[in-house]
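**Q** Please see the structure below; I have some questions.
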Amino acid sequence: MRPDEKAKVIPFPRSAEHQRPMHSHSGESRFPKPTRPLHLLHRWLFDHSFNKGYAQNFDNLIAWLIILSIVTIVAEHNALLYSPHAGAFHIFELLTVGIFTIEYLLRLATAPLQPELRGKSFARVRYFFSFYALIDLVAIVPFYFASVVSVDLEMLRVLRALRLMRLLKLSRYMVPAWQEFHALNHGRSFRSKLYALLEPTGHSGRLHVYFDNFIIFWVLLSITSVILESIDSVRKTLGHEFAIIDLISFSIFTLEYAARLYAAPENPRYSKHPLPRWLHVRSGKAIIDLLTILPFLLERLLPVPLDLRFLRVFRLARLLKLTRYTTATRTLYTVVKREWQVIFASVFVMLLMVVFTASIGYLFEHEAQPHKFENIPQSIYWAVVTLASVGYGDISPITPMGRALTVVLALLGIGIFAIPAGLLASAFTDQLRIDREAFKHRLLQAYKGGDINPKARALLAAESERLHLSSEDIQRLTREAHEEFEARKRQEKAAVHAVVIDPARHPDLIARQLRLLVSQVHLLTHACDREALLSELSHQDEDEARVRRVIAALRDEAAKPPASDAGADRPGWHPVS
C-alpha cells in the first residue's frame, strides 16, 4: 500500500450501527464545555472512526517526516554533503522537531479522550508514562537538550545518535498491525503466515500493506542511487553511501525472493501442482525478482570484470518490481489481448503510411540530398519522425514537392498516431469497469447465503486488495450489491406469495376460474370481427382447430333463445365482465 492508502482488512459494512462515527452528536454533549475544543481536536486529528476527519492524513505526515528525518540524520555524517548545506539541514530539523512537539502536546492534551484511557483517573499522567508517549518524548528531547545545555563534541555526537530513536515512532503503527496480523492468522502454519505477509489473502491485514510499502521504498531508493551514481560529482561525494544502499537493498530483495519461493505452495494457483516452487520460479514476477539481485552477484562472483555502465542499467530492472504492486500492467495486458485485432489493424495502417511516404520522400529528395535521403530505409526514419510530429530537424526536405509531402504527413500523423492511443484509453477504461462489475457480482454471489461467511469475506478482501479499490469504492459497490440482492429477494418473495390452485383439493375454485376464462373469451370474440380473428389465428396458432371449436361453441350458445338461459339462476353462471 502507498503511504496515503488505508488498509483494507474486512472492507464490508456489517450494519448501519457499525458505520456511524464513534462520537455521535448526543455523545458530544456529555463532555463539559471547557473540554469541547480538545474533543474536536481529537476527533479531527486522532479519531480514525470519524470519516470526515484528517487522522489518516496526519498519520501519513508523521510517518513521512520520520523517514525523511532518519535520512537527513544519516546524511549529516557525510561532511562533503553536510557542510555546504548545513543551514538547510538545520531548518529541516527545526521543522521536524516543531511538528513532533506539537504532535506530542496534542496527544498529551487529548489523552482523556483516547479509547484506552477514557473514563480513567489521571489519564494524562497515565499517557505520559505510556510506551508511545515516552518514544515521542525521546524523539524531541535531544534537540532541546543540545539547545539549552552546552555540550562537548562527544556529547553532541551521542545526542545526534539518539535522534535515530525517532525510528521507534513507527511502532505506533507497526505494533497494532502486528497484533492484528497475529489475531487474523491464529492457528495457521508459519508458511501460511509468511504467504499472508507477502501476498494479499484477506487475512493479511495492515502488516502486509506496510511490508509492501517497505519494499517499494527500497526499490525507489535503489533506483535513485543508480541514477545519481552516473553523475561523477555525486558519485565522488556519496560513493560510499551508494555502496551501502546497494548492499542493503540486495540483502532485502534476496530475503524477499527466498521467502516467496518458500511460501509458493500456499499460492492457490500452485497448490495442486506437484512442483509449486518450480512454477513460481518460472513465473514472470519471480523472474523480475531474480533480475533485481543478479547484478550484485555478477559484479562480485564473476572472475571477469564487467562494464559498470552495463551493471548500472541492469540494476534499473528493479523498477519492474513495482509492477507487482499495481494492477495497471495486468489490465493493460488484458486490454491488448482483447483488442489485438483492432490494434493490429491500426498498426498496419501506420506501417503502410510509413513505407509509402518514405518511398515517395526518397523519390522527391534523393537527387537534391543524396547524402540524407540515400535510400528508402533512411527515408523511413524521416517518415516516422514526421508522422509522429517529432521533427528533430536532422533530415528535412528542401524540394517543393518534398515540403508539401511533409505538411501532409504532419497533419495525417496527428490522427494516425492518435488512433491506437484512443483505442487503448477507451479499452483500458472499459476493462476497469468490467473488473469492478465482476467484483460487484462476486459480492452479490456472496450475499446469496445471507451474511457473508468468513471464507467469502477473505476472498473478497483479497480481490479488493488486488484491484486497489479505495474504501469509498468498496462501500459503494457493497451497498449497490446489497441493494440489488434485497431487490431480488423481494421479487422472489412476491413470486412465492402468488396463489397456485390445486385442482384435486379445490374443485370449486377451478370452476370459478373456468367461468371467468369463458367469460373473457366470450367478450373477446364479440369485440373483434370473427373472420378477421380466425384469419389471424391461422397465422399464429398451431392448434387452430381447437380454437375454432371454442369460438363456434360460443357462437352457438349466443344464438340460442333466451329460454335456454333458465339455468342462469344458478350461482356463478352469468359471464363475468
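The values are calculated or read from the model by the stated rules, or taken from the named source; none is laboratory data. Everything numeric in this text was worked out from a predicted model, so none of it was measured. Every residue, glycine among them, receives a Cβ derived from its backbone with ideal geometry; neighbour counts consider all protein chains shown.
**Q** Residues of the stretch 267-281 being part of a helix (DSSP H, G or I) and either more than 19 Å from residue 197 (Cβ to Cβ) or β-branched (Val, Ile, Thr) (or both), which ones?
**A** Correct list: 278, 279, 281.
**Q** Among the helices (runs of 4 or more DSSP H) contained in the stretch 282-386, which hold 2 or more residues that are outside the structural domain of residue 258 (by TED's automatic domain parsing) and in contact with a Gly (Cβ under 7 Å, 6 or more places away or on another chain)?
**A** 340-365
**Q** For the stretch 68-84, what are the residues that are at pLDDT below 90 and surrounded by fewer than 14 Cβ atoms within 10 Å (Cβ to Cβ)?
**A** Across the stretch 68-84, the qualifying residues are 71, 74, 77, 78, 79, 80, 83, 84.
**Q** Go through the stretch 319-336 and count every residue that is under 13 Å from the mean Cα position of the chain (by Cα) and in contact (Cβ under 8 Å) with a residue 24 or more places away in the chain.
**A** The total comes to 6.
**Q** Does residue 160 fit the bill of being out of contact with any Phe, Trp or Tyr (no Cβ under 7 Å at 6 or more places or on another chain), at pLDDT below 90 and either within 27 Å of residue 268 (Cβ to Cβ) or not assigned by TED's automatic domain parsing to the domain that holds residue 216 (or both)?
**A** yes
**Q** Of all residues being among the small types (Gly, Ala, Ser) and within 17 Å of residue 367 (Cα to Cα) in the stretch 390-403, which is modelled with the lowest pLDDT? Just the residue, please.
**A** Per the stated criteria, the residue is 396.
**Q** Here's a follow-up. Check residue 61 against each of (1) crowded, with 16+ Cβ neighbours inside 10 Å; (2) modelled with pLDDT of 90 or more and name the one condition it does not meet.
**A** The single condition residue 61 does not satisfy is (1).
**Q** Can you tell me which of (1) touching an Asp or Glu at 6+ places or on another chain (Cβ under 9 Å); (2) over 30 Å from residue 142 (Cβ atoms) is the one residue 187 doesn't meet?
**A** Here residue 187 meets the rest and fails (1).
**Q** Next question, about the same structure. Give the residues of the stretch 76-92 that are under 30 Å from residue 45 (Cβ atoms) and in contact with a helix residue (DSSP H, G or I) (Cβ under 7 Å, 6 or more places away or on another chain), sorted by residue number.
**A** 89, 92
To keep it simple, each residue is scored yes or no on (1) of a type in the set (Asp, Glu); (2) in contact (Cβ under 8 Å) with a residue 12 or more places away in the chain; (3) within 24 Å of residue 336 (Cβ to Cβ).
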{"site": "350", "(1), (2), (3)": "no, yes, yes"}
{"site": "360", "(1), (2), (3)": "no, yes, no"}
{"site": "372", "(1), (2), (3)": "no, yes, no"}
{"site": "387", "(1), (2), (3)": "no, yes, yes"}
{"site": "392", "(1), (2), (3)": "no, no, no"}
{"site": "397", "(1), (2), (3)": "no, yes, no"}
{"site": "400", "(1), (2), (3)": "no, no, no"}
{"site": "404", "(1), (2), (3)": "no, no, no"}
{"site": "413", "(1), (2), (3)": "no, yes, yes"}
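**Q** Considering the stretch 81-104 alone, what residues qualify as being within 30 Å of residue 127 (Cβ to Cβ) and either among the polar types (S, T, N, Q) or within 36 Å of the chain's Cα centre (by Cα) (or both)?
**A** Scanning the stretch 81-104 gives 92, 93, 95, 96, 97, 98, 99, 100, 101, 102, 103, 104.
**Q** Tell me, which helices (runs of 4 or more DSSP H) wholly within the stretch 101-179 include 3 or more residues that are surrounded by 16 or more Cβ atoms within 10 Å (Cβ to Cβ)?
**A** 123-128, 131-148
**Q** Scan the stretch 484-498 and report the pairs whose first residue is in the same structural domain as residue 437 (by TED's automatic domain parsing) and of a type outside the set (Phe, Trp, Tyr) and whose second residue is part of a helix (DSSP H, G or I) and at pLDDT below 75, with Cβ atoms within less than 7 Å and a gap of 6+ or a chain change.
**A** Cβ pairs passing all conditions: 484/444.
**Q** Go through the stretch 463-504 residue by residue and tally those that are out of contact with any Lys or Arg (no Cβ under 8 Å at 6 or more places or on another chain), modelled with pLDDT under 65, part of a helix (DSSP H, G or I) and within 30 Å of residue 323 (Cβ to Cβ).
**A** Of the residues in that region, 1 qualify.
**Q** Do we find a residue being farther than 30 Å from residue 326 by Cβ and in contact with a Phe, Trp or Tyr (Cβ under 9 Å, 6 or more places away or on another chain) anywhere in the stretch 184-193?
**A** no
**Q** Just a yes or no: is a residue in the stretch 404-420 farther than 30 Å from residue 477 by Cβ, loosely packed, with under 13 Cβ neighbours inside 10 Å, in contact with a Phe, Trp or Tyr (Cβ under 8 Å, 6 or more places away or on another chain) and modelled with pLDDT of 85 or more?
**A** Within the stretch 404-420, not a single residue is farther than 30 Å from residue 477 by Cβ, loosely packed, with under 13 Cβ neighbours inside 10 Å, in contact with a Phe, Trp or Tyr (Cβ under 8 Å, 6 or more places away or on another chain) and modelled with pLDDT of 85 or more.
**Q** So which of 46, 92 ends up being under 24 Å from residue 146 (Cα atoms), assigned by TED's automatic domain parsing to the domain that holds residue 164 and in contact (Cβ under 8 Å) with a residue 12 or more places away in the chain?
**A** Just one listed residue meets the conditions, 92.
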